[in-house]
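The values are calculated or read from the model by the stated rules, or taken from the named source; none is laboratory data. Note that the structure is predicted; figures quoted are calculated from it, not measured. Here the Cβ positions follow ideal geometry from the backbone for every residue, glycine too, while neighbour counts run over all protein chains shown. Each accessible area value is taken on the protein alone, full model and side chains, heavy atoms only, with ligands, DNA and RNA left out. Shrake-Rupley method; radii C 1.70, N 1.55, O 1.52, S 1.80 Å.
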Amino acid sequence: MVATGEPGSAEESSIIISIIIIICASDGVGQVALYVFTEAGDLSSFFKMSVFGPVVKIHPVVLASICDSYERRNEGASRVIGTLLGTIDKHSIEVTNCFSVPHNESEDEVAVDMEFAKNMYELHKRVSPTEVIIGWYATGFDITEHSVLIHEYYSREASNPIHLTVDSALQSGKMNIRAYVSAQMGVPGKTVGVMFTPLTVKYVYYDTERIGVDLLQRTRVTPSRTKGLTSDLSQVAGSAARVQDMLTTVLAYIEDVLSGKVTADNSVGRFLMDLVNKVPTISAEDFENMLNSNINDLLMVTYLSNLTQAQIALNEKLVLL
């Protein structure tokens, strides 16, 4: 099943909607863009306004999947689209997964493989039943008239879906990531418009995702753009070195404040007080014993895992004889 649509004829696209919007913001949210499309798909107005809405939280695996689908796009395709999956609560929308959806678009029409999108979602529900359709994404910098037609389909699959744009081609010099929600507007009985208002975007991650992000960050400084995984002991050593560097920075700041070189900051003092209160009262000898015990446990687990791998490899060799 394929859905197609046309933005409209030249006569329809000449329709202009005159709109005056006055919104007072008292909490300093800031100025954001507002896109207004006519029913024919014409970009009729562009405003600056303050917007209120849920916060969109995006996980790194979503951005990696979008970039991967863009790199693997069909020849001649200018952009890729896909379905966003995640969870919704009262104040935020968390995007935890996504998948691309085949589509074709030209200047006159757009076609989306809806059957493929439904089948993929059914397969995802078997693995992650808590993830629901929360919107869709598209690579590119701007919202086009075709986006209105695609958004209309996702409006039937989810209540008030979000639209995520990812500038994977770096048209603005960096990968701009924006999220929008739409709303119907216009005069009753006349031309109906669609208004896209931006939302606040934040980046969150699980602990397992942080490992992958840190590994990708280290590939920037290598000429081959490749980096292997480090051992458990190397990770412990790296974490200890980072903690030591942070403690050195904190101690240098405290000494500068006590000597009068730097003006004391009350907020920093409160953070340091909270940090000190969280440290358990324990003697140096007990702490050393506890640390050595944990290290011994880690070494034992590492030894057993290596022994298991060697046993499995030996068994595979014996089976082949």
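Below is a table of values for the structure above.
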{"item": "List 279, 148, ordered by accessible area with a 1.4 Å probe, largest first", "result": "279, 148"}
{"item": "Rounded percent of accessible protein surface that carbon and sulfur make up, segment 55-207, 1.4 Å probe", "result": "50"}
{"item": "Residues with amide H under 5 Å from that of residue 203, placed H, sequence gap 5 or more", "result": "58"}
{"item": "For residue 156, solvent-accessible area (1.4 Å; no DNA, RNA or ligand), Å²", "result": "150"}
{"item": "Solvent-accessible surface ranking, highest first, for 67, 98 at 1.4 angstrom", "result": "67, 98"}
{"item": "Per-residue SASA entry for residue 157, accessible area with 1.4 Å probe, Å² rounded to 10", "result": "80"}
{"item": "Whether segment 55-207 is rounded, prolate or oblate, judged on the alpha carbon gyration tensor where a/c under 1.5 counts as rounded", "result": "rounded"}
{"item": "Residue-normalised accessible area of segment 55-207, given per residue in Å² at a 1.4 Å probe", "result": "52"}
{"item": "Whole-Hz couplings from phi, Karplus 6.51/-1.76/1.60, listed for segment 168-176; x for Gly and Pro", "result": "5, 8, 6, 5, 9, x, 8, 7, 6"}
{"item": "Sites residue 113 and residue 67 - FRET efficiency at Förster radius 22 Å, r taken between beta-carbons, to 0.05", "result": "0.55"}
{"item": "Vicinal HN-Hα couplings computed from phi for segment 294-299 (Karplus, 6.51 cos²θ - 1.76 cosθ + 1.60; Hz; Gly/Pro x)", "result": "5, 5, 4, 4, 5, 5"}
{"item": "Chain lengthening between residue 213 and residue 281 when straightened (0.36 nm per residue, less Cα-Cα)", "result": "21.0 nm"}
{"item": "In Hz, Karplus ³J(HN,Hα) per residue of segment 128-137 (6.51, -1.76, 1.60; θ = phi - 60°; x = Gly, Pro)", "result": "10, x, 7, 7, 10, 6, 10, x, 8, 10"}
{"item": "Heavy-atom SASA rank of 78, 234 (probe 1.4 Å, accessible area, largest first)", "result": "78, 234"}
{"item": "Nearest-10 value in Å² for the accessible area of residue 230, using the 1.4 Å probe", "result": "60"}
